[in-house]
Each structure stands twice: as structure tokens, then as C-alpha cells.
Amino acid sequence: MIAIIDYDAGNLKSVEKALQFLGEEGKCTRDAQEILNADKVILPGVGAFGEAMEKLGHFGLIEVLQDVVKRDIPFLGICLGLQLMFESSEEAPGIAGLSLLPGKIVAFPKKEGYKIPHMGWNSLSIHKDARLFRGVEKEPYVYFVHSYYLEAMEQSDVAATTEYITKVHASVEHGNLFGCQFHPEKSGETGLQILRNFCEVN
């Protein structure tokens, strides 16, 4: 069973439906034992960093998710879920993230001709040996919706980048930790392959 973390942050059902399409059992839950007994864990989410951390705290999920990582259960953060994996965000000064990986979330700089939030399809530059992207075409297009982006501290954690105003760390991998700033569940066949690859992680 793949636990989809339910902390009232939206976007759960589309992830659940994508997993069902792949023949996987996904369950939306905030039950600690269900999460810790899951084969894999997905942290989706749309919305604001500070409010999301508050909700994770309210439901007692911060320590649960940190325990998931300590137990080496494969973990995937999607969109806001990726941002929450890191230490801090300019969107919510003074509020700590889950700190699963080193890095920070920063606001897009303003640039003439570019809209914020970044919303739409962008191509990825995939790093060699990135496990999430096995069987994915070179420079695939995926769907983004975000106003803040990741600056990972460790370049070795970056699995894919995209260009929008600046270079964006669009996906990360570190051991059994994975993250996508884009929405694989809304990215057509490419996104399904990315989710399939996550489901096949040992």
C-alpha cells in the first residue's frame, strides 16, 4: 500500500487516481501506523508553506514523516510536498520545514514577460542515472504550478532542472527520498512513467 498523506492540503484525489490507473493501491491517510506500515509514502500538496507545516504539526505528522525517512521507506514529495522536504521557505520566514534534505525555497525574481506563478508545461533537463526518470524521453515536458522554487544545497541531490526566469531545481533524489516540483499526476504519460518508477523503487 502507498500512503498518500492527508493533511488537508488538496491534490490528493488526482494522485490517488493516477496510482489506481497504474494498478497500485494508494490510500489517503493521516494515521501514523498506516503510514509507517506502508510500502511507500507520497506527500502531495498545493498551497502555502507555513499553513502546510502548521497542518502537519496539528495532525502529528511531522515526526511520523521524519520517522518514515529514518526507516528508509521510499518517500515522494510533490509540488508543495517537495518544498516541505527542505529546511525553510521565503514564503514563511521563521517557520522550519521538515528538513529531510538541505536547501531552501525561494521566490521567483520578477522579470518582464514572465508571469508568477509559473504555470504550465516546461521541459526538464534530466541528470544521468536519475531513477525517477528511467524510460522517460529526453527533455520531457511536465506540468508546473508554483510561485516559489527550490535551491538545493547539494547538487548531487538534484535529479532534474528546468528554466523559468532562472534555473529551477525541479526534481531531487537522495537514497529513497524523491521530490518533484511539477505534478507528475497531471503530466500525461511522462508523469505516469515517473510515478511508475517510484512505485517500483525497492
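State yes or no: is Gly45 modelled with pLDDT under 95 and surrounded by 24 or more Cβ atoms within 10 Å (Cβ to Cβ)?
On the way: modelled with pLDDT under 95: yes; surrounded by 24 or more Cβ atoms within 10 Å (Cβ to Cβ): yes.
Criteria met by Gly45.
Scan the stretch 48-57 residue by residue and report those that are farther than 17 Å from His146 by Cβ and either at pLDDT below 95 or open to solvent by 10 Å² or more (accessible area, probe 1.4 Å) (or both). Give the derivation first.
Taking the stretch 48-57 and keeping what is farther than 17 Å from His146 by Cβ, we get 54-57.
Correct list: Glu54, Lys55, Gly57.
If Leu101 satisfies all but one of (1) within 16 Å of Ala3 (Cβ to Cβ); (2) hydrophobic (A, V, I, L, M, F, W, C); (3) not in a helix (DSSP H, G or I), what's the number of the condition it fails?
Every listed condition holds for Leu101 apart from (1).
Quick one: Glu91 ticks every box in (1) touching a helix residue (DSSP H, G or I) at 6+ places or on another chain (Cβ under 9 Å); (2) of a type in the set (D, E, K, R); (3) under 19 Å from His174 (Cβ atoms); (4) part of a loop (DSSP other than H, G, I, E, B) except a single one, so which number is it?
Only one criterion in (1) touching a helix residue (DSSP H, G or I) at 6+ places or on another chain (Cβ under 9 Å); (2) of a type in the set (D, E, K, R); (3) under 19 Å from His174 (Cβ atoms); (4) part of a loop (DSSP other than H, G, I, E, B) is unmet by Glu91, namely (3).
Please go through the stretch 151-172 and give me each residue that is in contact (Cβ under 8 Å) with a residue 12 or more places away in the chain and in contact with a Ser or Thr (Cβ under 9 Å, 6 or more places away or on another chain), ordered by number.
Of everything in the stretch 151-172, those that are in contact (Cβ under 8 Å) with a residue 12 or more places away in the chain and in contact with a Ser or Thr (Cβ under 9 Å, 6 or more places away or on another chain) turn out to be Val158, Ala159, Ala160, Thr161, Thr162, Glu163, Val168, His169, Ala170, Ser171.
Would you mind listing the strands (runs of 3 or more DSSP E) fully within the stretch 130-202 where at least 1 residues are open to solvent by 20 Å² or more (accessible area, probe 1.4 Å), within 28 Å of Glu112 (Cβ to Cβ) and of a type in the set (Phe, Trp, Tyr)?
Those strands (runs of 3 or more DSSP E) span 141-146, 148-152, 158-164.
Check Ile2, Ile62, Ile78 and return the single one that is over 13 Å from the mean Cα position of the chain (by Cα) and surrounded by 20 or more Cβ atoms within 10 Å (Cβ to Cβ).
Working: Ile62 fails: surrounded by 20 or more Cβ atoms within 10 Å (Cβ to Cβ); Ile78 fails: over 13 Å from the mean Cα position of the chain (by Cα).
Answer to the check: Ile2.
With the checklist (1) under 15 Å from the mean Cα position of the chain (by Cα); (2) open to solvent by 50 Å² or more (accessible area, probe 1.4 Å) in hand, flag the one item Trp121 doesn't pass.
Condition not satisfied by Trp121: (1).
Go through the stretch 5-19 and report how many residues are in contact with a strand residue (DSSP E or B) (Cβ under 8 Å, 6 or more places away or on another chain), under 15 Å from Phe59 (Cα atoms) and open to solvent by less than 30 Å² (accessible area, probe 1.4 Å).
1
Which condition from (1) at pLDDT below 95; (2) under 25 Å from Leu98 (Cα atoms) is the one that Ala152 breaks?
For Ala152, the exception is condition (1).
Can you name the residue in the stretch 81-113 that is among the aliphatic types (A, V, I, L, M) and over 21 Å from Leu61 (Cβ atoms) and is also surrounded by the fewest Cβ atoms within 10 Å (Cβ to Cβ) among such residues? First the steps, then the outcome.
Start the filter on the stretch 81-113 by keeping residues that are among the aliphatic types (A, V, I, L, M), which leaves 82, 84-85, 92, 95-96, 98, 100-101, 105-107.
Filter once more, keeping what is over 21 Å from Leu61 (Cβ atoms): 106-107.
Details: Val106: 15, Ala107: 12.
Checked the stretch 81-113; the qualifying residue surrounded by the fewest Cβ atoms within 10 Å (Cβ to Cβ) is Ala107.
The values are calculated or read from the model by the stated rules, or taken from the named source; none is laboratory data. Note that the structure is predicted; figures quoted are calculated from it, not measured. Here Cβ is always computed from backbone atoms with ideal geometry, including for glycine, and neighbour counts include all displayed protein chains. Heads up: the accessible areas ignore ligands, DNA and RNA and are worked out on the full protein's heavy atoms, side chains in. Shrake-Rupley method; radii C 1.70, N 1.55, O 1.52, S 1.80 Å.
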